[in-house]
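One structure is given below, encoded as structure tokens.
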Amino acid sequence: MKNKKQSRIKIVLPVLFTFGASLMFFQADAQADSTQTTTSANQQVALTANVNTTSQNTNYQNLNQSTNNQQNTAQASTQMAVAGANDGVSLNEQAVQQANSKPVIDTNPGFSTNQYNVTATPVSSSNGVNGAASLNTAGLSSWNINFLNSIHDGALNGWRQYGVLPSVTAAQAILESGWGQSGLATQGHNLFGIKGSYNGHSITMPTREVYGGRSVYINDAFRAYANNNESVQDHGRFLAVNSRYHNLLWQTDYRTVTRLIQADGYATDPYYAVSLNAVIERYGLTAWDREVAEVNTGHIDNLSVIGSQINIRGWHASDSYNNKMHHFIILLDGNGHEFYRTEVNGDYRQDVQNAYPNADISGWGGFNINVPYSSNLVGKSIQVVSRYTYNTNGEPNGGKDLYFNSVSLNANTGSLDNMSLDAKTGTINITGWHAADASMNKNYHYIIIYDASKHAELGRYLVESGSRGDVAKVYNIYGANKSGFSLKLNFNPALAGDQIQVISRYSDSQNGEGNYVDYWFAPKTFTENRGNLDSFVVKGNQLHVTGWHAADASMNKNYHYIIIYDASKHAELGRYLVESGSRGDVAKVYNIYGANKSGFSLKLNFNPALAGDQIQVISRYSDSQNGEGNYVDYWFAPKTFTENRGNLDSFVVKGNQLHVTGWHAADQSIAKPYHFIIIYDATTHREVKRQMVDSLSRNDVQKVYPNIYNDAQSGFDMTTTLDPSLNGHEIRIISRYSDAKNGEGNKIDYWFNPVKVTIH
């Protein structure tokens, strides 16, 4: 009876057991294939544990060579950093000095990529054939279904005669003939556009050809068939007689065939294989493959380390089975030597049963076993062989073997959850996890700080591996549940500017050397340099500058300067040493060194040189008392002080007397002490008279426009006599500040709107 397994007691050979009563280990040479395994029962010996292991490094540069093999320095810098400790650890000063003296070597350092593979596909049979048990005709019209029926026999004969996989033939027919509705298909049953004649029959159709780089239409002869099956069968012959397609014949995996047919140049469409695969999978065309090709396929769903055991889970479906056979799982090492075998009762897989309902065994071909993980297996490749046999010792006898591709037990992955600067404490907080199959028996967990720009180790720190249940849920890797790390590192000038990498290392040596496995995280450059000018305004006769500037490179640069710069003239106007003020608000938002002490405030007498030109504020941290030496700058956007506002509060003519009041505030009124009110005849475009006035206090203006020079002393009040000739003219009032007693020289004007006057 197909797909049934009898309940029976599992029988194992009486051999030396090392890992459990059901495990058999072999160390003698073995060669397993589809017919026999040469290792016999009397060659079985227990697997020993004294296998020599070597260092396993995933780094891109040899860390020891890059530091000139300074093992003593490494030992001297080794520190114990307890996860979650409040105090930070410091870099090794000797290593820092040596790194600082080295030039930049690499601007694109390498870093580890995840090596995590827990699946394997079979080698000796159909790879991944997992279509539906029968054609999927849901949503198809009666025309479509009739078309499939019309090509079924031809597709199967194409396999039997020429070795062309039926599912691929059917998919090509669907795509190229539009489900049999193309002109060639309807008039000549030609589903593939093959030219020439068939048994002397042809049909002439227009076709586009390219001659001399020009596209032209011509009439050409195409093969004509009696029915669709003839066309499909002839298609198989066409592929078989053309040598370029020989590599795809008798292939049982449809994805392999579609990939090869595209690579062989059958079609120019770069997505031809993808389109064929989509059709095959959408309509379950692999059901036709199973009608002619013997089933012997499977999949390794998982081969990975979980806790202290290797879990191997998968399935093997085969037509070469009956219920008197035994199912064995055999493990081979990287050299093809068998080191383990066990009989399995079967782990039922409904999904496999659904895909291969007609196989002699499919659903009951599932397996799920655990093998103890030992140091002998660290980094080794394991090949799984699934075998159906009549022999109770697992030797070949009937049935079929299925070899799966090797999977290496070298999973090595990690994540840097955080590597950021704490602005409040001045430490770099480093947290993450690193799990590696090769970490077994490597009990010293180090975090190494590495300058990737200069290829120099800056310090290494022994950490306590922390629990990471979240990692263990996602990754089946040895030690995943205890893979966490945490480190607080005091920020150092050596960390600013260069590319800094965190390396997680598991080592069997107390100094972090010996046999080890590394994971190099992507580098980070601490070059944050941010700032904000909260205010840059004139208040009264003073310039007020407030803001903040935080920079990673400001460490050990204890002199904070604010520089006033004329961007129009490219000239420094002055520099002023300021006291850095507390800015907790900045520290909450930005993890930058010194963010919590990044504020500045400066008041200067407003200088005439500031009016009119583009003026820039530069915040500078320097290690020199004069603001030179080593420094880091932040240039704020320039500002031009050109505010010029005013208002005519009253304009009253009584008889020939004009009385005007108002105010005029202007940044460029600085150093212009003479305030004039000018009467201007807008009708005749001439000045009538000018009169010097006293600038009056205007607190109301200061409240509304607090950022304009002289806003508080911007008022005016003037009475003057008008000439009767101005009657009916439009008069404009001009307020002027000038540095000359006659109102000329350097001046700034404000023109009020014209008013028509009537003089009685």
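Over 28 Å apart: what share of the alpha carbon pairs of region 142-292 falls there, rounded to a whole percent? The answer is 16 percent, as a whole percent.
Within the shell defined by Cβ-Cβ distances under 13 Å, the residues around residue 355 carry a net charge of -1, with Lys and Arg each +1 and Asp and Glu each -1.
Given region 679-760 reduced to its alpha-carbon atoms as identical point scatterers, what log10 I(q)/I(0) does the Debye formula return at q = 0.20, 0.23, 0.27 Å⁻¹? For region 679-760 at q = 0.20, 0.23, 0.27 Å⁻¹, log10 I(q)/I(0) is -1.01, -1.16, -1.31. Name the residue farthest towards the positive end of the dipole of the chain from the options 622, 668, 430, assuming +1 on Cβ of Lys and Arg, -1 on Cβ of Asp and Glu, about the Cα centre. About the Cα centre, the residue reaching furthest to the positive side is 668. Place a label point 7 angstrom from the Cα of residue 350 along the Cα-to-Cβ direction, then list the residues of region 269-287 whose backbone nitrogen is under 14 Å away. What the label zone holds, given the 14 Å backbone N cut-off, is no residue at all.
Cross-link partners of residue 380 among lysines, defined as those whose alpha carbon lies under 25 angstrom from its own and excluding same-chain residues fewer than eight positions apart: 442, 473, 482. Distance from the C-alpha centroid of region 505-542 to that of region 616-677: 41 Å, rounded to the whole angstrom.
Cα centroids of region 310-327 and region 225-266: 32 Å apart. Net charge of the neighbourhood of residue 280, taken over other residues with C-beta under 10 Å away and scored Lys/Arg +1, Asp/Glu -1, is 0. Of the labelled figures (i) 81, 67, 61; (ii) 87, 74, 52; (iii) 127, 82, 49, only one reflects Cα extents along the principal axes in Å as derived from the coordinates, namely (iii). Using the Cβ-Cβ distance between residue 145 and residue 522 with R0 set to 60 Å, the FRET efficiency from 1/(1 + (r/R0)^6) comes to roughly 0.65.
Taking a point 7 Å from the Cα of residue 589 along the Cα-to-Cβ direction, the residues of region 628-659 with backbone N closer than 19 Å to it are 634-638.
Set Lys and Arg Cβ to +1 and Asp and Glu Cβ to -1, take the dipole of the chain about its Cα centre, and tell me which of 590, 523, 648 lies farthest positive. So the residue we want is 648.
Partner aspartates and glutamates whose Cα lies under 16 Å from the Cα of residue 557, excluding those fewer than 8 positions away in the same chain, are identified as 528, 579, 623, 628, 633.
Given the pairs 603/741; 539/588; 424/539; 689/747; 539/703; 588/639, which are separated by over 22 angstrom at their Cα positions? If you can, show how the numbers build up before the last one.
Working: 603/741 30 Å; 539/588 30 Å; 424/539 33 Å; 689/747 17 Å; 539/703 11 Å; 588/639 28 Å.
Pairs exceeding the cut-off: 603/741; 539/588; 424/539; 588/639.
Might you report the magnitude of the Cβ-based charge dipole of the chain about its Cα centre, with Lys and Arg at +1 and Asp and Glu at -1, to the nearest 20 debye?
Numbers: 58 positive and 64 negative charges, 158 e Å.
With only Lys, Arg, Asp and Glu charged at Cβ, the dipole is about 760 debye.
Place a point 7 Å from the Cα of residue 756 along the Cα-to-Cβ direction; which residues of region 667-704 have their backbone N under 17 Å from it? Under 17 Å, as judged by backbone N against the label point of residue 756, lie 681-685 of region 667-704. Computed from Cα atoms, the angle from the helix 272-283 axis to the main principal axis of the chain rounds to 70 degrees. Using the rule -39500 (n - 2.57) for each DSSP H run of four or more residues, divided by the residues of the chain, the 222 nm mean residue ellipticity is -4500 deg cm²/dmol.
I'd like to compare 283-290, 627-634: which one has the highest average count of other Cβ atoms within 10 Å, and what's the full order after that? Before the final figure, lay out each step's value.
On the way: 283-290: 23.8, 627-634: 16.1.
Answer by packing, highest mean first, reads 283-290, 627-634.
Helix 254-263 against the longest principal axis of the chain: what's the angle in degrees, Cα atoms only, rounded to the nearest 10? The angle comes out near 60 degrees. Rounded, prolate or oblate: which fits region 529-640 when a ≥ b ≥ c are the square roots of the eigenvalues of the alpha-carbon gyration tensor, with rounded for a/c under 1.5 and prolate only if a/b beats b/c? Note, shape of region 529-640 comes out prolate.
Every read-out reported here was derived from the displayed coordinates using simple, explicitly stated rules and does not represent laboratory data. Bear in mind the structure is a predicted one, so any value in this text is a computation, not a measurement. Every residue, glycine as well, gets a Cβ built from its backbone with ideal geometry; the counts of neighbours run over all protein chains shown.
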